[in-house]
Amino acid sequence: MSFLTSISNWLDSIPVIHQFASPKILASVFPFLLEGAKLTILFAVLGELFGIPLGLLAAVFKLSKLKILRALATVYVDFFRGTPLLVQLYIGLFALPIAFPVIQKIPDFTFYGGVAVLAINSGAYVAEIFRAGIESIHKGQMEAARSLGFSYLKAMWYVIIPQTFRRVLPPLTNEFIALLKDTALLSALAITELAMKARYLSSWKANVSPFMGAALIYLAMTIPLTRLVAYMEKRLAISD
Amino acid sequence: MIELVDVHKYFGHSEVLKGINLKVEQGEVIVVIGPSGSGKSTMLRCINKLEDVTKGHIYIDGQDITDPKNDINALRQKVGMVFQSFNLFPHLTALQNVTIAPIRVQKKDRRDSEQKGRDMLARVGLTGKEDFFPSKLSGGQQQRVAIARALAMEPEVMLFDEVTSALDPELVKEVLDVMKNLALGGMTMVCVTHEMGFGREVGTRAIFMDEGVIMEENTPAELFANPRNKRTQAFLGKVLAQ
């Protein structure tokens, strides 16, 4: 018996550790958890990918001179930031298909619907990030662009928004981290992402160690990202 | 070319322009002087519609820019503007600053625009700085890029809003020299400035503004040397005493 196996066996002989973080069980469920993590990443990346343009659009609407666009953006942002994501998921994936049965015919509806709700939810937070970013750009930039003949939207697109990217990158990454963790709520819809996998494995093994395994995997994903945010913020502070 | 007819501008309840009438003909170099808060900059900003006039009309080539039916983006291309605070686009190089409007607004060919942009930068004495970002340029160099950027749109008239006020004294001359060359080349210009020497040298007409009205108007030499209006006298007395 190797040294590692003997340590592992010794740890498993302690009841609390066996129940909570059994090395043997963790090792056996790890490949299954990683399967779930793949789906977690897929949901988070797709949600953010569609959430960014949506949020950018909402931010531009919110800063528009047109009252109707501002109102539209405000309702959107307030609703999705002011209600729990879980409720939004229930509405999107349970309520809407009942109200509009044609939705149920979409293949893989749970997947696409999940991505859509995550994107729309994330977009509301991204909108506020971009709005703050755009407002932080000196108004002389817009004036210079307009004086050259740029329309308002072209000035936004070519002059203002590119300047906001450096500033919004840290908060956008924070938003991505939040979204990554929020994907765990998809387990309420029986989507087998990381948290759901942990739940299945936990009841299958009659042991809660898989949850510890899931937590470790979430940390492995989020800690590098939080370090990245800290690094970007430091660089931004130097260059400003 | 430019005509302001009874232009009034309010900011809230305070009236900063109280009926401005001004006609600028092609080739003229108008020098606008006056104490701060006199409405000089506001008048300039109204000509480019960066401020909306409250009452009155401003015509550029006979087209009323206060008429919402006229395409302001097209009209603005005829009027170049240079700002006190440069307002270069910090995410673009000097050359990109100069070419972005021709390429994105006028939809001109990229290669032609770049060639022209290099020529433009050469004209303001910045050959070799094409790929520098604004943060790597001195204030005088930045302001010259800003002039080149406005010129790249081939405007019919250039507006200068206290363009040397934010510069260190030793950098003022290089910017004024570029402006002098422009004036000598026949560009129509309206310059809000405190540079009396520059005004005397290249100005065809000088205007003294105070409290939102044009108080006095004359040739620069005459206005600076023999001001008739009491306020002009007082203002010039203070400025020249420095």
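The values are calculated or read from the model by the stated rules, or taken from the named source; none is laboratory data. Here the structure is a predicted model, which is why all the values come from computation and not from measurement. Glycine gets a Cβ as well: all are built from the backbone with ideal geometry, and neighbour counts include every protein chain shown. Just so you know, the surface numbers come from the protein's heavy atoms only, side chains and all, with ligands and any DNA or RNA stripped out. Shrake-Rupley method; radii C 1.70, N 1.55, O 1.52, S 1.80 Å.
In region A:142-158, burial by the other protein chains removes 30 Å² or more of accessible area from A:Glu143, A:Ala144, A:Arg146, A:Ser147, A:Leu148, A:Gly149, A:Phe150, A:Lys154, A:Tyr158, compared with the chain on its own (1.4 Å probe, ligands and nucleic acids ignored).
Per residue, how much accessible area does region A:18-177 show when a 1.4 Å probe rolls over the protein heavy atoms, in square angstrom?
50 Å²
Sequence-ordered 3J(HN,Hα) estimates for region A:28-42 from the Karplus curve with 6.51, -1.76 and 1.60 and θ = phi - 60° stand at 6, 8, 3, x, 5, 4, 4, 4, x, 4, 4, 5, 4, 4, 4 Hz, glycine and proline given as x. Residues in region B:99-114 carry Karplus couplings, in order, of 9, 4, 5, x, 6, 8, 8, 8, 6, 7, 4, 4, 5, 4, 5, 5 Hz; the curve used is 6.51 cos²θ - 1.76 cosθ + 1.60 with θ = phi - 60°, and Gly or Pro positions show x. Once you reduce region A:164-192 and region B:74-126 to the center of their Cα atoms, the two points are 40 Å from each other. With each label modelled as a point 7 angstrom along the Cα→C-beta vector, the A:Leu225-B:Phe133 pair spans 2.7 nm.
Considering only the other residues whose Cβ falls under 14 Å of the Cβ of A:Met221, what net charge follows from Lys and Arg at +1 and Asp and Glu at -1? Each step should come with its number before you reach the end.
Values: positive: A:Lys38, A:Lys181, A:Arg227; negative: A:Glu48, A:Asp182, A:Glu193.
Summing Lys and Arg as +1 and Asp and Glu as -1 gives 0.
How many square angstrom of accessible surface are buried between B and A, both sides summed, with a 1.4 Å probe and rounding to 100? Let's see the in-between values first.
Details: alone 11430 and 13690 Å², together 23410 Å².
Chains B and A together bury approximately 1700 Å².
Per-residue shielding of B:92-103, expressed as the average number of other chain Cβ atoms within 10 Å of the residue Cβ, stands at 2.
Size estimate for region A:3-140 follows the Kirkwood approach: the inverse of mean 1/r over distinct Cα pairs works out to 18.4 Å.
Summary of packing: across the peptides A:218-227, B:32-41, B:94-103, B:192-201, the per-residue average of other C-beta atoms within 10 Å ranks them, highest first, as B:94-103, B:32-41, B:192-201, A:218-227.
How much FRET efficiency would the formula 1/(1 + (r/R0)^6) give for A:Asn174 and A:Ile7, where r is the Cβ-Cβ distance and R0 is 35 Å, rounded to 0.05? It comes to 0.40.
For the protein assembly as shown, pairs of C-alpha atoms spaced more than 39 angstrom apart make up 44 percent of the total. For region A:128-240, the alpha carbon positions stretch 69, 32, 15 Å along the principal axes, listed from largest to smallest. Toward the positive end of the charge dipole of chain B, with +1 on the Cβ of Lys and Arg and -1 on the Cβ of Asp and Glu, the farthest Cα among B:Val29, B:Gly212, B:Gly128 is that of B:Gly128.
What order, most packed first, do the peptides B:52-61, A:154-163 have when packing is the mean number of other Cβ atoms within 10 Å of each residue?
Numbers: B:52-61: 16.6, A:154-163: 19.4.
So the peptides B:52-61, A:154-163, ranked by packing, come out A:154-163, B:52-61.
Rounded if a/c is under 1.5, else prolate if a/b beats b/c, else oblate: with a ≥ b ≥ c from the C-alpha gyration tensor eigenvalues square-rooted, which is chain A? Since a/c reaches 1.5 but b/c is at least a/b, the shape of chain A is classed as oblate.
Lys and Arg at +1, Asp and Glu at -1: add these up for the other residues within a Cβ distance under 13 Å of A:Leu185 and post the number. Net charge in that neighbourhood comes out at 0. For region B:45-162, the spherically averaged projection of the C-alpha convex hull amounts to 7.7 nm². Electrostatic bookkeeping for B:Met179 treats Lys and Arg as +1 and Asp and Glu as -1; over the other residues with beta carbon under 11 Å from its beta carbon, the sum is -1. Which distance in nm do the two modelled labels at A:Phe109 and B:Lys18 give, with both placed 7 Å along the Cα-to-Cβ direction? Going by the 7 Å Cα→Cβ label model, 7.1 nm.
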